[in-house]
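Any read-out appearing in this document is the output of simple, stated calculations on the displayed coordinates, not a laboratory observation. In this text the structure is predicted, and so the values were computed from the model without any measurement. Note that each Cβ is placed from the backbone with ideal geometry, even for glycine, and that neighbours are counted across all protein chains shown.
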Amino acid sequence: MKNFTRPPISYWLDSTERTDYPYLDKDIDVDIAIVGGGIAGITAGFILKRRGLKVAILEVDKILEGITGKTTAKITSQHNLIYDKLINDIGEEKARQYADANESAKEFIESIIKEKEINCDYSVMPAYVYTQDKNYVDKIKKEVIAASKLGIDASFVTETSLPFPIKGAVRFENQAQFHPRKYLLELAKEIPEDGSHIFENTHVLDIKESNPNIVIIEGGHKVKANKVIIASHYPMENFKGLYFSRIYQERAYIIGVLAKESFPEGIYINAESPTRSLRKQRYKDKQMILIAGENHKTGQGKSTETYYNNLKKFAESIFTIEDIPYRWSAQDCITMDEIPFIGRITSNNPYIYIATGFKKWGMSSGTASAMILSDIITKNYSPHSDVFDPSRVNIKGGFTHFIKENLNVGYEYIKGKLNLNVGDNKIKTGEGKIVNFEGKRVGIYRDTDGKTYIVDTTCTHMTCELQWNSAEKTWDCPCHGSRFSYDGKIIEGPAQKELEITIIED
Ligand SMILES: Cc1cc2nc3c(=O)[nH]c(=O)nc-3n(C[C@H](O)[C@H](O)[C@H](O)COP(=O)(O)OP(=O)(O)OC[C@H]3O[C@@H](n4cnc5c(N)ncnc54)[C@H](O)[C@@H]3O)c2cc1C
Ligand code: FES
């Protein structure tokens with residue numbers, strides 16, 4: 001097959017209408033302000049409004065176009081191999097909470113789809129973590145024992161319907177997949193009116209803690225709210241809870257393949273590296289195979305095309321490919337112990353809550369976060385909150401990861417600052433690079449109309465040096481994963497401030 005013909009775009013975004021909610025242009029009062037309109041924020045708004053509270057979703061861009069619009073959208077409590085590790089690291093009781101929270105989230109999604117009769121390509125099927133490497137078979141067997149102990153319907157199999165041999169797999173029954181935007185856009189429709197709102201193009205800059213809390217929007221407008229949920233993917237609040245030192249971001253790539261062969265029932269991911277995650281999706285009157293993988297820490301990868309090409313080669317090794325109409329990439333937040341942060345932003349703050357760190361399993365964990373936070377807010381109790389408590393400490397396995405990640409951030413910081421040998425300054429059309437411009441390290445991109453965009457490549461979050469991402473034409477931060485467009489606009493946080501930019505026309 002020849003090379004990719006279309007520019008990258010997520011199938012979920014391409015197959016649904018864009019939303020058009022208003023911009024916040026006055027001060028308002030609500031019970032709960034929710035920062036971010038992804039799966040965590042929209043589901044929390046939906047539940048809290050149904051429980052009689054007035055909510056406001058505040059979204060900097062358009063709702064459901066962040067990571068939720070760029071996922072693979074498997075709905076499962078099978079988060080690769082996790083339950084044996086959880087039982088060892090935090091004990092059986094908390095591991096059971098993790099499993100129950102994600103199983104409950106899956107049931108919640110199904111019950112809402114049935115109740116509202118949402119047509120969102122939802123289907124129930126088994127989920128598999130498979131391996132083709134004999135060294136992983138024992139780990140998979142241990143996962144089956146651990147998951148079964150926690151009440152999950154899990155079994156060990158040596159065959160799947162995949163068109164290649166495996167050494168073994170753990171199979172979970174009754175897992176699912178859907179079209180995330182078709183589902184969540186319907187939930188969003190229930191939120192506005194009766195004192196509740198969704199605001200788009202509304203950037204939350206700051207949260208002033210008082211009684212009530214005051215959420216400050218770009219442009220100076222204020223939202224007064226008794227409680228605030230930060231569901232901005234990477235927490236937009238930098239210093240409370242020091243989340244920048246406790247979370248890192250990992251990117252991954254997805255291709256949508258049309259093949260001669262049909263794809264079997266089930267959702268699949270391998271246990272070993274490089275990651276290969278597979279599912280099918282209805283596409284017009286055909287079937288598309290979604291293949292995801294090629295994970296790397298944001299801003300520390302190779303050329304993006306390499307990753308897409310690796311996925312394409314993998315697809316070609318299994319299927320007879322007719323076309324690859326879709327490809328896209330996204331990143332998710334991961335905590336040091338690989339358990340999401342869901343709860344109070346700091347242990348002594350009963351007003352501001354956080355939901356993040358879903359480790360590429362946010363369809364279930366993002367829904368679970370909305371259920372847990374809604375229970376804490378309206379009932380003062382959730383049976384699943386302890387395991388996700390953001391203030392947890394002394395987690396086995398988390399500390400080593402914490403040191404490793406923060407050493408890595410320190411290394412990238414210094415490497416970026418010392419990298420003054422930035423090559424010659426000639427830039428071709430459509431190219432971006434780091435150059436030495438009048439003695440300063442700057443990023444330059446030339447567009448096809450002859451405009452040159454010169455940005456300060458110092459990340460506005462905590463001053464790491466940005467790297468050029470050639471396929472997506474973005475400036476990416478290797479430290480905590482912020483991403484900026486070639487003209488300096490924020491694509492993904494934690495950064496909250498655009499890059500300084502100068503534009504030169506030919
Ligand atoms: C490649 C890939 C594949 C994945 N596949 C799966 C899968 O198969 N199954 C699964 O369960 N999970 C999967 N995930 C994970 C899942 O998609 C994410 O965990 C989830 O979508 C995150 O949802 P969110 O609501 O936290 O973030 P988002 O959807 O990113 O929403 C956050 C919103 O906050 C907004 N925002 C940010 N800052 C501000 C601010 N200051 N003011 C106002 N708004 C702000 C953003 O614009 C954004 O819209 C995958 C992730 C990746 C990267
Ligand atoms: S994202 Fe933290 S320094 Fe760039």
Can you list which of the GluC sites (Glu not before Pro) found in segment 137-215 are DSSP loop residues with at most 13 other C-beta atoms within 10 Å? GLU159, GLU209
Normalised by the number of residues in segment 418-505, what is the relative contact order in percent for Cα pairs under 8 Å and 6+ residues apart? 22 percent
In whole angstrom, how far apart do the alpha carbon centroids of segment 64-123 and segment 430-497 sit? 35 Å
Calculate one ³J(HN,Hα) per residue across segment 255-261 by plugging θ = phi - 60° into the Karplus curve 6.51 cos²θ - 1.76 cosθ + 1.60, and present them in order as whole Hz with x for glycine and proline. 10, x, 10, 9, 10, 5, 7
Any lysines with Cα under 17 Å of the LYS26 Cα? List them, leaving off those in the same chain fewer than 8 positions away. LYS54, LYS222, LYS224
What are the extents of the Cα atoms of the chain along their three principal axes, listed from largest to smallest and rounded to whole Å? 63, 59, 47
Quick calc: nm separation of the 7 Å Cα→Cβ label points for LYS26 and SER161 -> 5.6 nm
Starting at 0 and stepping by 5 Å, how many percent of the alpha carbon pairs of segment 418-505 end up in each bin? 3, 16, 28, 27, 17, 8, 1
LYS116: which aspartates and glutamates have alpha carbons under 18 Å from its alpha carbon, excluding same-chain residues fewer than 8 sequence positions away? GLU107, GLU186, GLU190
Taking amide H atoms as placed 1.01 Å from N in the peptide plane, list the residues 5 or more away in sequence, or in a different chain, whose amide H sits under 5 Å from that of GLY168. THR131
Take every Cα pair under 8 Å in the chain that's 6+ residues apart, average their separations, divide by the length, and report that relative contact order as a whole percent. 17 percent
Could you give the radius of gyration (one decimal) and Dmax (whole number) of the Cα atoms in segment 101-232, in Å? 21.9, 60
Of all DSSP beta bridges located in the chain, what percent are antiparallel, nearest 5? 80 percent
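Are any of the pairs LYS149/LYS280; LYS49/LYS70; LYS85/LYS313; LYS302/LYS497; LYS312/LYS360; LYS182/LYS360 more than 24 Å apart by Cα-Cα distance, and if so, which? Write out the running numbers ahead of the final one.
Details: LYS149/LYS280 30 Å; LYS49/LYS70 26 Å; LYS85/LYS313 32 Å; LYS302/LYS497 26 Å; LYS312/LYS360 21 Å; LYS182/LYS360 19 Å.
Over 24 Å Cα-Cα: LYS149/LYS280; LYS49/LYS70; LYS85/LYS313; LYS302/LYS497.
Would you please name the trypsin sites (Lys or Arg not before Pro) within segment 248-314 that are DSSP coil residues with at most 10 other C-beta atoms within 10 Å of their C-beta?
Details: sites: ARG251, LYS260, ARG276, ARG279, LYS280, ARG282, LYS284, LYS286, LYS297, LYS302, LYS312, LYS313; in loops: LYS260, LYS284, LYS302.
Loop-located and lightly packed - LYS260, LYS284.
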Could you please state, rounded to a whole Å, how far the C-alpha centre of segment 244-280 is from the C-alpha centre of segment 167-218? 23 Å
Rounded to two decimal places and with Rh computed the Kirkwood way over Cα pairs, what is Rg over Rh for segment 1-84? 1.09
Label model pair LYS302, THR463: point-to-point distance (7 angstrom along the Cα→beta-carbon line) in nm is 3.4 nm
What helices does the chain have that are whole DSSP H segments, at least 27 Å long along their own axis by Cα, and with mean Kyte-Doolittle hydropathy of 1.0 or more? none
So, with points 7 Å from each Cα along the Cβ direction, the GLU261-LYS497 label distance in nm works out to 5.3 nm
